[in-house]
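Only the coordinates and a few stated rules stand behind these numbers; no lab work does. Keep in mind that this is a model prediction, so the values were computed, not measured. Because the Cβ atoms are built from the backbone with ideal geometry, glycine has one as well, and the counts that use them run over all protein chains shown.
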Amino acid sequence: MAVSRRTLLFGAADKTGADNAESPPFAVRVMNRMAFGPRPGVDDIDYFNSLGGDDLSRLTAYVDEQLDPLAIADGEADTRLSDPAFTTLNKTLLQLWQDHHVNSNNDQPVDDVERAVFVRAVYSRRQLLEVLADFWHNHFNIYARDFYARSTWVSWDRDVIREHALGNFRQMLEATAKHPAMLYYLDNYTSEAGGPNENYARELLELHTLGAEAYFGTILPGDVPPHPNDPSIPAGYVDNDVYEVMKCLTGWRVNDSSSFGDTGEFMYYPPWHENTAKAVMSFGFQNIPADQPPEKDGLDVLDMIAAHPATARYVSTKLCRRLLADDPPSSIVDAATATFLANTGASDQLKQVVRTILLSMADPGFDALVPWGSKLKRPFEQVVSAMRAVNADFTIKPDDSESNSFWWRFDDAGQLPFNHRPPDGYPDKRDVWQGSTSLVHTWRTIDWLLDENATTGDPVLMPVLEITQNEFPDPSNYTPDSLADFWLTRVLRFTPGGSGTWLGTDTHDAVARFLAQSYSGASNPYPRNKVPIPPADLASESSPYYWHRRLRGMVGLILSSPNFIQR
């Protein structure tokens, strides 16, 4: 093509075009931060704007609705997930273990959840739950095809991540600690007094709770400074605390032996437990007595670290980063941290923290603190939001050739669900994802979705032509300028300054030029605003303009634009 996608919209130096992006209306910003973008006619800005008379009332109503996901009817997603290709989504942990570990040892549960996560993200009306499920999967990251994880992944996703995403952090922490997927992934399932393993204990402190910022290295426990808000506890942890936590968690294993029933469930095994007294984050003084009842050493540790101020700030910061900005304002992090600490015993602790964060979007001065474009959509978010924007009809599922073709392409973008091998989860800052490899393979995936079956007579995945024919206000006015304006408005769900049109903007000029440029066989670009394209030609793949192909390419260009890929 004569003009490249990147040159048209990003220029030669700026890969993401953040400075070129318009700031959309409040409703669009909300739908791109706490959902995977608007879905015209379903989860759209029109519905959001119907919820109240001002931004705060609309936001409050929408946030509270999304924070009660079970009250939201979700028929379309449920219907798609009832496809017979999904064979394991309703199995219990015991069934999963028996069917896919003891008897067959296969990856079907992973295959099902990997594909289901796309279905839910695109079609579920419980959008905030999907955003938070993605967050918690990365916070408690496990490589899904690890030995015990692959057979029990449905349970990990359903019983741990989704069950607790809006619940109590302490309860969630225990659920993660006792699940076979985590016990195996970080090696605690073999940790015993005679041969303890520190992997889980270290990641529990560094990644799941207090964070690396609270790590004081190899100094003596007594030299750790007190926490500024509570001098009775240390500000963080040292290596010795890792070793002491490791001892507290010895004997926490999986029932994976025929001698005990081989159920795959959590099992506390007293002969493996280190029963001596321990000193955990106590300035070196022993605060875990010897010979406590079964599991109590480990439960005491979870109680202690789940309520620690450093944990509250670490988790709150990560939630603010996911929902608002790569570098969230300290004032919002402070408010979320205070909510976390004030509700450590509440069954809806995390729900209240998320509510505090999201309602800050309506605060005066928020846009100055968190300008639009503070986040970049990662590959998963770009593809899902593109599917939502163009009303895709595509149930990505296991054992399906078209779904496999999609999967093969998306894998190259670098964010295949549950495929991050280190325990830190996929990165959540734009500089990791704005490289050319990630962007190009994300765009190629979107292009494939736009092109698949477009000319074969089989059901299309992204109905660009159908939408144009059904929704364009005046088919006799199919000029490149008017088509570019129509699709920019439809995909982005706004016009600059509420003007009602993109005409006259640099973005519109780039998109319209892309549509009007000629292939070989046409000596000049098509007149952009004077000569309408005959309606029948819009479906044509014929020389010299190939209008159908060009139309799909134009939509792909908009889906790759700075205005679309910012959050």
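First select every other residue whose beta carbon is under 15 angstrom from the beta carbon of Pro40; then total the charges, Lys and Arg +1, Asp and Glu -1. The answer is -2.
Here, the chain has an Rg and a Dmax of 26.1, 88 Å when only alpha carbons are counted.
Looking at the chain only, what percent of DSSP beta bridges run antiparallel? Nearest 5 please. Walk me through the numbers before you get to the answer.
Details: 8 of 9 bridges.
Roughly 90 percent of the DSSP beta bridges within the chain come out antiparallel.
Rounded to the nearest 0.05, what FRET efficiency is calculated for Asp187 and Ala346 with R0 set to 35 Å and r the Cβ-Cβ distance? So, using R0 = 35 Å, E works out to roughly 0.60.
How do 29-42, 143-156 rank on mean C-beta neighbours within 10 Å, highest first? List each step's numbers first, then the result.
Working: 29-42: 21.1, 143-156: 22.7.
Answer by packing, highest mean first, reads 143-156, 29-42.
Measure up Lys318/Lys375; Lys91/Lys377; Lys178/Lys377; Lys296/Lys351; Lys91/Lys296 against 24 Å on the Cα-Cα distance and list the ones that go over. Result: Lys91/Lys377; Lys178/Lys377; Lys296/Lys351; Lys91/Lys296 exceed 24 Å. Angle between the Cα long axis of helix 127-139 and the longest principal axis of the chain, 0 to 90 degrees, nearest 10? Between helix and principal axis, roughly 50 degrees.
Relative to one another, the C-alpha centroids of region 494-567 and region 400-441 are positioned 29 Å apart.
Dipole magnitude of the chain about its Cα centre, charges +1 at Lys/Arg Cβ and -1 at Asp/Glu Cβ only, in debye to the nearest 20? Could you put the intermediate results ahead of the total?
Values: 49 positive and 76 negative charges, 273 e Å.
That gives the chain a dipole magnitude of about 1320 debye.
Each of His139, Val122, Ser316 was placed along the dipole of the chain (beta-carbon charges, centred on the mean Cα), and the one lying farthest toward the positive end is Val122.
How high is the relative contact order of the chain, in percent, counting Cα pairs under 8 Å that sit 6 or more residues apart? Intermediate results must be reported in sequence, preceding the final value.
Details: 908 pairs, mean separation 97.4, N = 567.
Result for the chain is 17 percent.
Summarising the label geometry, the points placed 7 Å from Cα in the beta-carbon direction at Tyr268 and Asp506 lie 6.3 nm from one another.
If you take all other residues with their beta carbon under 12 Å from the beta carbon of Asn138, and give Lys and Arg +1 and Asp and Glu -1, the sum is +1.
Neighbour counts of other C-beta atoms within 10 Å: give me Ile467, Ile45 arranged from fewest to most.
Values: Ile467 17, Ile45 20.
Exposure proxy ranking, most exposed first: Ile467, Ile45.
Taking the average, over residues, of other Cβ atoms within 10 Å as the packing measure, peptides 528-534, 242-248 rank 242-248, 528-534 from highest down.
Rounded to the nearest 10 degrees, the inclination of helix 379-389 to the longest alpha-carbon principal axis of the chain is 50 degrees. Between the C-alpha center of region 105-137 and that of region 302-372 there is a gap of 24 Å. Within region 278-325, the chymotrypsin sites (Phe, Trp or Tyr not before Pro) that combine a DSSP coil assignment with at most 16 other C-beta atoms in a 10 angstrom radius are Phe283, Phe285.
Computed packing ranks the peptides 555-566, 55-66 as 555-566, 55-66, most packed first, by mean other Cβ atoms within 10 Å. With both labels modelled 7 Å from their Cα along Cα-to-Cβ, the Ala73 to Ala539 distance reads 3.3 nm. Largest first, the three principal axis extents of the alpha carbons in region 309-369 are 34, 20, 16 Å in whole numbers. Seen against the Cα atoms of the chain and their longest principal axis, helix 436-451 is set at about 60 degrees. Distance between the modelled labels on Ser405 and Asp334, one decimal in nanometres: 5.5 nm (7 Å Cα→Cβ projection). Using the Cα coordinates of region 47-90, the gyration tensor eigenvalues translate into equivalent-ellipsoid semi-axes of 32, 10, 6 Å, sorted from longest to shortest.
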